[in-house]
Amino acid sequence: MEKLVITGKTPLKGEVVISGAKNAAVAIIPATLLINGVCRIENVPNISDVRLYCEILEELGAKITWETEHEITVDTRKIDPHKVPLDTTRKFRASYYLLGALLGRCKFAQVSSPGGCNLGARPIDQHIKSFEALGATVDVSNGKITAKAKKLKGTSVYMDVVSVGATINAILAAVLAEGTTIIDNAAKEPHIVDVANFLNTMGADIRGAGTDIIKVHGVKELKGDATYSIVPDQIEAGTFMIAAIASKGDITIKNCITKHLESITAKIVEIGGNVDANGDHLRVWYSKRTHKATIKTLPYPGFPTDLQPQMGVLLSISEGTSIINESIWESRFQYTVELNKMGANITAQGKTAVFEGVKGLTAAPVYASDLRAGAALIIAGIIANGKTEIYNLNHIDRGYENIEEKFRKLGAKIERVVEE
Ligand code: EPZ
């Protein structure tokens, strides 16, 4: 079994370069299925969710060539929607994008009920609502979701909840539909804009992504024959911003879009950290002990839920009593149990947690319950007194590329070891 071993009390110093966005890549790769042609994608994060998606596309008949570690050419001229490897689709959440893409291209799609991080109930009713509004029939039984349609017709769909996944799936299903689809109360995350920009580069006609009303004018075919570069990862950049302050360090974060980081920048400055934005990079540095704050996670441009656990680590050592309200997921405080083993003083109940700031953390063996909880525990290990061991690395590898190498370059004493 693999574990990370971290010797703490290390201020992080230096530069880190951000990879392509995981939540854009795991939507853009299935979106290639809408193309009756070949396309090239750059700045692809080399993470396990991406590699899994490439395997699925190859099972469907696509040809994928890794031109470099971060560039792929995808040929989706010949695909068979009946060849979806159901076992593989159960392993991660974003497999639900196969529904929108294959329904859009082939008018038939079947996947197993999606897996992914255990953050409480993760319904897909809004995805199904969009497919049915476009004219599809959707059956959910025997652990499978099957969507079929004779034809798809543009329509208006109002999202009852602001959902990243449902917004993207509605776009995917509408790109080749007859007529115009209006998606109202859409999510506005940067990765949604990235998916729309990718599809428009390949011949689609999508307007308004990044606002709460998106219009998709259906087109006959996407020819592809173009190149697209994936947006830098907002959440990876935010993770390193928090690590800089929590470790009392000074980091320059390169290849990021500072606009996407405004909510986290504002919160770090509010509690006493320093941030200097400059073009495509940010300098983040510590100058004094941070103090308490109240945070409510919200859809973009609000404070991202995917930075909540990392911020929890910083608030656990900040002066005073802090409160986090997790408005998106039912159970995203599992990491607090592990932090309390490290000497934090956190009380979590349902969607709210109270952090009584302590002077410092102490090392312990801890377990990552999901991707972002794993990132939070790495930050905790880097600041704790002693040697921390982190288990369940599969969660972390799903969404962070070479994370221990990136932290090591910033001075962290971190290594991945195989425990006999
Ligand atoms: C995406 O998940 C991200 N995953 C999540 O990141 C992220 O936490 C989440 O958006 C919110 O930002 C990917 O992009 C692959 P939602 P998604 O649909 O699409 C409810 C990470 O760490 N809802 O925006 O599954 C839902 O229960 C992961 O990278 C419905 O009720 O999230 C939740 O409360 C973890 N019905 C809220 O909406 C639906 O049909 C937001 O969920 C869909 C969602």
*Say whether the condition of being aliphatic (A, V, I, L, M) and more than 24 Å from Ile171 (Cβ to Cβ) is met by at least one residue in segment 17-34.*
yes
*Can you name every residue in segment 122-164 that is under 28 Å from the mean Cα position of the chain (by Cα), in a loop (DSSP other than H, G, I, E, B) and among the charged types (D, E, K, R)?*
Arg122, Asp160
*Selection count where residues are touching a Phe, Trp or Tyr at 6+ places or on another chain (Cβ under 9 Å), among the β-branched types (Val, Ile, Thr) and within 8 Å of the ligand (Cβ to nearest atom), scope segment 123-159*: 1
*asked:* Going residue by residue through segment 250-262, is there one that turns out to be over 23 Å from Ile6 (Cβ atoms) and among the aliphatic types (A, V, I, L, M)?
replied: yes
_For the condition within 16 Å of the ligand (Cβ to nearest atom) and surrounded by fewer than 22 Cβ atoms within 10 Å (Cβ to Cβ), what is the one hit in Gly120, Gly61?_
Gly120
*In segment 96-112, is there at least one residue being of a type in the set (D, E, K, R), within 15 Å of the ligand (Cβ to nearest atom) and under 22 Å from Leu199 (Cα atoms)?*
no
*How about segment 306-327: which of its residues are free of Cβ contacts under 8 Å to residues at least 40 places away in the same chain, outside any strand (DSSP E or B) and either touching a Cys at 6+ places or on another chain (Cβ under 9 Å) or on the phi < 0 side of the Ramachandran plot (or both)?*
Glu326, Ser327
*asked:* Among the listed residues Ile235, Ile214, Ile230, identify the single one that is over 14 Å from the mean Cα position of the chain (by Cα) and crowded, with 17+ Cβ neighbours inside 10 Å.
replied: Ile214
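In the set Ala376, Ala348, which member is buried (at least 17 other Cβ atoms within 10 Å of the Cβ) and either at positive phi or touching a Pro at 6+ places or on another chain (Cβ under 6 Å) (or both)?
None of the others qualify; the one that does is Ala376.
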*Here are Ala166, Ala196: which of them is farther than 30 Å from Ile379 by Cα and either more than 15 Å from the ligand (Cβ to nearest atom) or touching a strand residue (DSSP E or B) at 6+ places or on another chain (Cβ under 6 Å) (or both)?*
Ala196
*Give the residue, chosen from Ser331, Ser263, Ser322, that is surrounded by fewer than 21 Cβ atoms within 10 Å (Cβ to Cβ) and touching a Phe, Trp or Tyr at 6+ places or on another chain (Cβ under 7 Å).*
Ser263
*Check Lys9, Lys91, Lys78 and return the single one that is among the basic types (Lys, Arg), away from the ligand (no atom under 16 Å from the Cβ) and closer than 28 Å to Thr239 by Cβ.*
Lys9
*asked:* So, in segment 74-91, how many residues would count as being at pLDDT 95 or above and surrounded by 15 or more Cβ atoms within 10 Å (Cβ to Cβ)?
replied: 7
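For (1) closer than 30 Å to Pro123 by Cβ; (2) within 15 Å of the chain's Cα centre (by Cα), each residue gets a yes or a no:
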site: Ile35; (1), (2): yes, no
site: Thr65; (1), (2): no, no
site: Leu86; (1), (2): yes, no
site: Arg93; (1), (2): yes, yes
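The values are calculated or read from the model by the stated rules, or taken from the named source; none is laboratory data. Computed from a predicted model, the values in this text were never measured in an experiment. All Cβ positions, glycine included, derive from the backbone under ideal geometry; neighbour counts span all protein chains shown.
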